[in-house]
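> Below are the structure tokens for one structure; questions will follow.
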Amino acid sequence: MLGVFPEHRRKGIGRALAEKAIMSLKERGMNTVEAGAVMDKPEANRLWESMGFKGVRVFSLMKSPLENIPFNIGENEDVHLRELQKGSSEDLKLLNWLSNETFSEHYNYRPDTVEETRYFLEQDPMFKEQEWLFILLQDKPVGYVGVGIDQKYNQEKNTKAGWILSIGVLKPQRLTGIGTRLMIEGMKRLKSKGMNEAMLGVDDQNPTKAIKLYEKVGFKATRKDIAYQKTLK
């Protein structure tokens, strides 16, 4: 993360800080550096590009109102849902496996350990309120969705927004309406908790074309961030 107070921008401070950070990473043996910038912040974009960074990915923050959750839009009805049982080691392992399996094709993928999944479910400082659902086809788990509420964010922004924390469908079951069903169920859970808006983050170049699913159920991009990379020599 790089930030400079507005009154001190355009004085070379940002570049000096970035160069110092890059030098530090190089000294630690790194061969690639990543940075990010909001797409509509041209000063930041110009800085990274002038330093040899290349844009490699675009990520969207998307939002959808929960007043009228869509239905009859192709959601799969030949499946049933089961809540993750907190404290169940088997459900913890199942969620960890499904998450790793469904995200293995994604940009910068690194599998999570079971303990990392446990930490997020039980100790994440932002999303202390979470709910997770498995979706089963012929009694076999083929996907999941997790929703959460960041109460501190809602207090600071004076809003009632919940998050689709993660969603995944195993590859053989994609494009069968299961993802649509999971999204609708996740939105319903947030609405039942008093939220009036749902939010999520997505990689625009996600190989599963997830952004099309989110648009289908009513989400619209409200912010786009560019991920930059530079190879160190």
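The values are calculated or read from the model by the stated rules, or taken from the named source; none is laboratory data. Quantities reported herein were computed from a predicted structural model and do not represent experimental measurements. Neighbour counts are summed over all protein chains in view; Cβ atoms, including those assigned to glycine, are modelled from backbone coordinates with ideal geometry.
> Within the set of pairs 6+ apart or on separate chains, which have a first residue in region 100-125 that is in the same structural domain as Ile149 (by TED's automatic domain parsing) and free of Cβ contacts under 8 Å to residues at least 12 places away in the same chain, a second that is surrounded by 13 or more Cβ atoms within 10 Å (Cβ to Cβ) and part of a helix (DSSP H, G or I), and C-beta atoms under 6 Å apart?
Taking only residues 6 or more apart or on different chains, the pairs are Pro111/Asn100.
> Another question, then. Out of Lys212, Lys233, Lys224, Lys216, I need the residue that is over 21 Å from Asn76 (Cα atoms), surrounded by fewer than 18 Cβ atoms within 10 Å (Cβ to Cβ) and modelled with pLDDT of 95 or more. Which one? Before the answer, list the steps.
Values: Lys212 fails: over 21 Å from Asn76 (Cα atoms); Lys233 fails: modelled with pLDDT of 95 or more; Lys216 fails: over 21 Å from Asn76 (Cα atoms).
Exactly one of Lys212, Lys233, Lys224, Lys216 is over 21 Å from Asn76 (Cα atoms), surrounded by fewer than 18 Cβ atoms within 10 Å (Cβ to Cβ) and modelled with pLDDT of 95 or more, namely Lys224.
> Quick check on Ser64: is it of a type in the set (Gly, Ala, Ser) and touching a Gly at 6+ places or on another chain (Cβ under 7 Å)?
On the way: of a type in the set (Gly, Ala, Ser): yes; touching a Gly at 6+ places or on another chain (Cβ under 7 Å): yes.
Yes.
> Let me ask another. Which of (1) crowded, with 16+ Cβ neighbours inside 10 Å; (2) within 18 Å of Ser166 (Cα to Cα) is the odd one out, the single condition Leu81 does not satisfy?
(1)
> May I pose another question? Out of all the residues in region 140-147, is one or more surrounded by fewer than 20 Cβ atoms within 10 Å (Cβ to Cβ), closer than 20 Å to Asn76 by Cβ and assigned by TED's automatic domain parsing to the domain that holds His80? Talk me through it step by step, then tell me what you get.
Residues of region 140-147 that are surrounded by fewer than 20 Cβ atoms within 10 Å (Cβ to Cβ), as a first pass: 140-141.
Cutting the leftovers down to closer than 20 Å to Asn76 by Cβ gives us 140-141.
Narrowing the set further to residues that are assigned by TED's automatic domain parsing to the domain that holds His80 leaves 140-141.
Within region 140-147, one or more residues are surrounded by fewer than 20 Cβ atoms within 10 Å (Cβ to Cβ), closer than 20 Å to Asn76 by Cβ and assigned by TED's automatic domain parsing to the domain that holds His80.
> State yes or no: is Leu94 in contact with a Pro (Cβ under 8 Å, 6 or more places away or on another chain), farther than 19 Å from Ala210 by Cβ, of a type in the set (A, V, I, L, M, F, W, C) and touching a residue at least 24 places away in the same chain (Cβ under 8 Å)? Please lay out each step first, then the result.
On the way: in contact with a Pro (Cβ under 8 Å, 6 or more places away or on another chain): yes; farther than 19 Å from Ala210 by Cβ: yes; of a type in the set (A, V, I, L, M, F, W, C): yes; touching a residue at least 24 places away in the same chain (Cβ under 8 Å): yes.
Considered against the rule, which asks whether it is in contact with a Pro (Cβ under 8 Å, 6 or more places away or on another chain), farther than 19 Å from Ala210 by Cβ, of a type in the set (A, V, I, L, M, F, W, C) and touching a residue at least 24 places away in the same chain (Cβ under 8 Å), Leu94 comes out as yes.
> Then there is this: I'd like to check something: does region 178-193 contain any residue that is at positive phi and outside any strand (DSSP E or B)? Explain how you work it out, then say what you get.
Taking region 178-193 as the starting set, the residues that turn out to be at positive phi are none.
Within region 178-193, none of the residues are at positive phi and outside any strand (DSSP E or B).
> What residue, among those in region 194-205 that are touching a Lys or Arg at 6+ places or on another chain (Cβ under 9 Å) and of a type outside the set (Asp, Glu), is surrounded by the most Cβ atoms within 10 Å (Cβ to Cβ)? Can you show your working first?
Looking only at region 194-205, we keep the residues that are touching a Lys or Arg at 6+ places or on another chain (Cβ under 9 Å), and these are 194-200, 203-205.
If we keep only those that are of a type outside the set (Asp, Glu) too, we end up with 194-196, 198-200, 205.
Numbers: Gly194: 10, Met195: 20, Asn196: 13, Ala198: 26, Met199: 19, Leu200: 22, Gln205: 13.
Only one residue fits best here, namely Ala198.
> Continuing with the same structure: When the residues of region 214-233 are narrowed to those that are under 14 Å from the mean Cα position of the chain (by Cα) and not in a strand (DSSP E or B), which ends up nearest to Thr32 (Cα to Cα)?
Taking the candidates together, the pick is Tyr214.
> Now, a different point. Quick one: is Gly168 surrounded by fewer than 19 Cβ atoms within 10 Å (Cβ to Cβ) and in the same structural domain as Leu95 (by TED's automatic domain parsing)?
no
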